Each structure stands twice: as C-alpha cells, then as structure tokens.
Amino acid sequence: MSRWRRNAAVLFTTFLISTAVSSTAVAESTIESPAFSTFNAEYLIYRGGKNHGKAKRYLHQQADHYEMGYSSDISWLVFSDKRSETSTFIVQDAQIRPLHYLMKRSGTGSNRHYEWRLDWQQQQVLTGKKAAVKAIPWQDNWLDPLSYHQQLINDLKAGKTEFSYDVLNRDGNSRTYHYRVELEEPLALPYGNVRAIRIARVEENSEKQVLAWVAPELDYMLVRLWRGEDNVEQFDVQLHKLEWLQRSEHERLTETE
C-alpha cells in the first residue's frame with residue numbers, strides 16, 4: 001500500500017461505541033444539554049487535485065453517552081483501504097472521558113482489529129477482544145484518537161490557542177499531541193465557502209506537516225485536513241456534506257443573540 005493512502009486513512013482518524021466499562025460509572029455520568037452539536041458529515045479525499053476516496057464522520061447522542069464514528073474508503077490503481085472507527089465517551093465538567101474505542105481495517109495488505117476499554121472505577125486499560133489488562137500507569141486525562149477532537153472544540157470555545165492532549169492510540173499506548181492556532185481564513189470547499197480557524201500540529205524535528213481547519217460558524221466542525229511531508233502534499237481532506245441532528249446549547253444561544 002502506498003504511504004500517502006495509509007497516512008490519509010490513519011491521520012484523518014487521529015485528528016481527529018456499547019461499552020464494557022462499569023455500568024455504575026456510566027450511570028453516574030451526565031451529558032450536558034447537549035455539550036456538542038450532533039451531526040453526520042461526508043468528506044472527499046484529494047491528492048494533487050484528484051479525488052481518491054471519501055470519508056464519513058458522525059457524532060450521535062445516546063441516553064447517557066456520546067458515540068462518535070469514522071469510516072473511509074480510499075482507492076488508487078489496484079490498492080484499496082477501508083476502515084472504520086468508533087468511540088464511546090461521556091462528558092464531565094467539560095472534560096471528555098472515553099469509555100470504549102474500536103478500529104477495523106480491511107483492503108490491500110493485512111486486515112486489522114484494534115480495541116480497548118477504560119474502566120474508570122478500577123483505573124484499568126483493557127485491550128483486545130479478550131479485554132486483557134494493560135500494564136500502564138493510569139492517567140485521568142486520557143482521550144482516544146476520535147474523541148480528542150471534541151475536547152479541542154471545548155478548549156477552542158474556552159479561548160485557548162495552544163493545546164496538548166494525552167491520547168491512547170489503537171494499541172492502548174499513550175502519546176502526547178501538541179497543537180496551536182495559526183490564523184483564521186476563508187476556505188472554498190466542496191461544501192461551500194466558510195471562514196475557518198487553521199490549527200497546526202507542533203512536532204519538533206519532524207519532516208511531516210499537519211494542518212486542520214475548523215469552522216466556528218459550523219460549531220467548530222472539522223472542515224479540512226491537510227498533510228504534507230517535506231512540504232509536499234500527501235493528501236487533502238475536505239468537507240462535502242453536513243447534516244445537523246441537534247445543535248448544542250452554545251450554538252442555540254449564539255443564534256438567538
């Protein structure tokens with residue numbers, strides 16, 4: 001599989017769900033009313049100006065938790081890559097608490113299945129289909145590869161311009177990501193014209209560049225993701241369609257001002 005297609009599928013989900021954690025812990029949690037706008041979104045994946053695939057993201061609100069999902073389908077010549085990810089999380093005191101993360105991949109090369117759960121009462125990471133306990137020091141601020149984008153939305157609304165997140169990757173290993181706001185600018189997308197905030201991932205001594213754009217007018221929806229290596233484009237993911245299911249309390253108040 002070519003590097004750019006693999007990077008496109010992996011990075012889009014990392015910029016960015018039935019849980020097996022204790023039911024008591026979930027019952028004690030509450031969803032703010034609602035903390036986030038829920039949606040279904042579709043994206044087109046470009047490289048060199050040509051469309052090589054599509055992706056979908058969604059955020060749904062359940063009775064006592066949120067479910068976020070991602071899927072992509074990329075093809076180039078004889079190669080293909082299909083994957084899906086889901087995340088279940090709750091929100092407590094404006095902080096996301098992930099409960100369950102699942103990733104499946106099929107296509108050219110080996111199929112993959114990654115899964116982990118967080119037991120907040122026992123402070124344990126449970127990995128794989130057999131939910132084996134992973135020997136890793138517990139952190140109360142862990143996020144997963146999908147839900148940490150929602151935490152970034154909370155932090156943007158709070159006025160922050162620099163961000164650091166400790167994220168459990170698909171293997172259940174912790175990694176810290178750093179981002180900073182660069183500027184606000186207009187974008188012309190398949191979805192239409194929007195003004196968006198450009199955010200860069202900060203990596204010292206790295207040849208890779210990662211830029212993301214979120215649109216305040218769309219409740220900080222991720223509208224574009226670009227990755228380069230040595231300043232050469234690897235892929236460009238752009239918002240195509242967006243369906244709102246329920247607007248957040250913040251957005252309803254903003255619309256009435």
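The values are calculated or read from the model by the stated rules, or taken from the named source; none is laboratory data. In this text the structure is predicted, and so the values were computed from the model without any measurement. Reconstructed Cβ throughout: ideal geometry from the backbone, glycine too, with neighbour counts over all protein chains shown. Accessible surface is based on the protein model in full, side chains and every heavy atom, while ligands, DNA and RNA are left aside. Shrake-Rupley method; radii C 1.70, N 1.55, O 1.52, S 1.80 Å.
At a glance:
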quantity	calculated
Pairs where the first residue, in the stretch 94-114, is more than 25 Å from LEU143 (Cα to Cα) and the second is hydrophobic (A, V, I, L, M, F, W, C) and surrounded by fewer than 21 Cβ atoms within 10 Å (Cβ to Cβ), C-beta under 9 Å, 6+ apart	GLY107/MET1; GLY107/PHE79; THR108/MET1; THR108/VAL78; THR108/PHE79; GLY109/MET1; GLY109/PHE79
Cβ pairs under 8 Å, 6+ apart, first in the stretch 150-162 and closer than 21 Å to HIS60 by Cα, second among the acidic types (Asp, Glu) and open to solvent by less than 20 Å² (accessible area, probe 1.4 Å)	ILE153/ASP219
Residue match in the stretch 85-102 (condition: over 25 Å from ASP155 (Cα atoms) and touching a helix residue (DSSP H, G or I) at 6+ places or on another chain (Cβ under 9 Å))	no
The stretch 56-70 residues that are farther than 14 Å from SER248 by Cα, paired with ones that are among the basic types (Lys, Arg) and open to solvent by less than 40 Å² (accessible area, probe 1.4 Å) (beta carbon under 6 Å, 6 or more apart)	TYR70/ARG57
Answer from THR86, THR161, THR127 - the residue that is at pLDDT 90 or above, over 22 Å from LEU222 (Cα atoms) and hydroxyl-bearing (Ser, Thr, Tyr)	THR127
Matching residues, the stretch 64-119, being touching a Leu at 6+ places or on another chain (Cβ under 9 Å) and of a type in the set (Phe, Trp, Tyr)	TYR66, TYR70, PHE89, TYR101, TYR114, TRP116
Top-ranked residue of the stretch 206-257 - restricted to ones that are among the polar types (S, T, N, Q) and over 22 Å from GLY192 (Cβ atoms), ranked as modelled with the highest pLDDT	GLN209
Residue that is in contact with a strand residue (DSSP E or B) (Cβ under 7 Å, 6 or more places away or on another chain), open to solvent by 10 Å² or more (accessible area, probe 1.4 Å) and hydrophobic (A, V, I, L, M, F, W, C), where the choices are LEU102, LEU143, LEU118	LEU102
Residue match in the stretch 209-224 (condition: part of a loop (DSSP other than H, G, I, E, B) and surrounded by fewer than 18 Cβ atoms within 10 Å (Cβ to Cβ))	no
The stretch 125-163, residues that are under 23 Å from SER71 (Cα atoms) and small (Gly, Ala, Ser)	GLY128, SER147
The one condition in (1) open to solvent by 50 Å² or more (accessible area, probe 1.4 Å); (2) over 16 Å from the mean Cα position of the chain (by Cα); (3) over 24 Å from ALA35 (Cβ atoms); (4) modelled with pLDDT under 95 that ARG175 fails to fulfil	(2)
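Conditions tested, residue by residue: (1) in contact with a Ser or Thr (Cβ under 9 Å, 6 or more places away or on another chain); (2) aromatic (Phe, Trp, Tyr); (3) closer than 26 Å to TRP226 by Cβ; (4) open to solvent by 60 Å² or more (accessible area, probe 1.4 Å).
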{"position": "GLY48", "(1), (2), (3), (4)": "no, no, yes, yes"}
{"position": "TYR58", "(1), (2), (3), (4)": "yes, yes, yes, no"}
{"position": "GLU67", "(1), (2), (3), (4)": "yes, no, no, no"}
{"position": "LYS82", "(1), (2), (3), (4)": "yes, no, yes, yes"}
{"position": "GLU85", "(1), (2), (3), (4)": "yes, no, yes, no"}
{"position": "ILE90", "(1), (2), (3), (4)": "yes, no, no, no"}
{"position": "ARG97", "(1), (2), (3), (4)": "yes, no, no, yes"}
{"position": "GLY107", "(1), (2), (3), (4)": "yes, no, yes, no"}
{"position": "HIS113", "(1), (2), (3), (4)": "no, no, no, yes"}
